[in-house]
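Taking it in order: structure first as structure tokens, then the write-up.
Each reported figure results from applying straightforward, stated rules to the coordinates on display, with no laboratory input. Bear in mind that the values here come from a model prediction, so they are computed numbers and not experimental data. Neighbour counts are summed over all protein chains in view; Cβ atoms, including those assigned to glycine, are modelled from backbone coordinates with ideal geometry.
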């Protein structure tokens, strides 16, 4: 069950809407791709560890929701630069979806407010 945050707690958080992008190909697999919570969490942790090392993998990032190739994450505002830089420079391997390509993670929106 989601925890209701007080206004003070909410001021310390940053919400980012992510989208997994894949180079256009002729397969319909990419168009209908469903990225589950475990895959998103794996990509986020891999990105943080790759760019910021063991310290990066300790950054707390929670997934609020996901649908299709999009996911809404939340992190502490002090970690915003580390999280966004790690995600924007990371190229996730899409072999787990049966696609022999690499993708990119795009941050389509970033805000302090929950509503995106």
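Of the peptides 41-49, 105-113, the order by per-residue mean of other Cβ atoms within 10 Å, starting with the highest, comes out as 41-49, 105-113.
For residue 113 and residue 76 in one chain, what is 0.36 nm times their gap in residues minus the Cα-Cα distance, to one decimal in nm?
On the way: separation 37, 0.36 × 37 = 13.32 nm, distance 1.27 nm.
Taking residue 113 through residue 76 to full extension adds about 12.1 nm, to one decimal.
Here, segment 49-102 yields an orientationally averaged convex hull projection of 4.3 nm² when only Cα atoms define the hull. Dimensions of segment 27-116 based on its C-alpha atoms, expressed as ranges along the principal axes with the largest first, amount to 40, 31, 18 Å.
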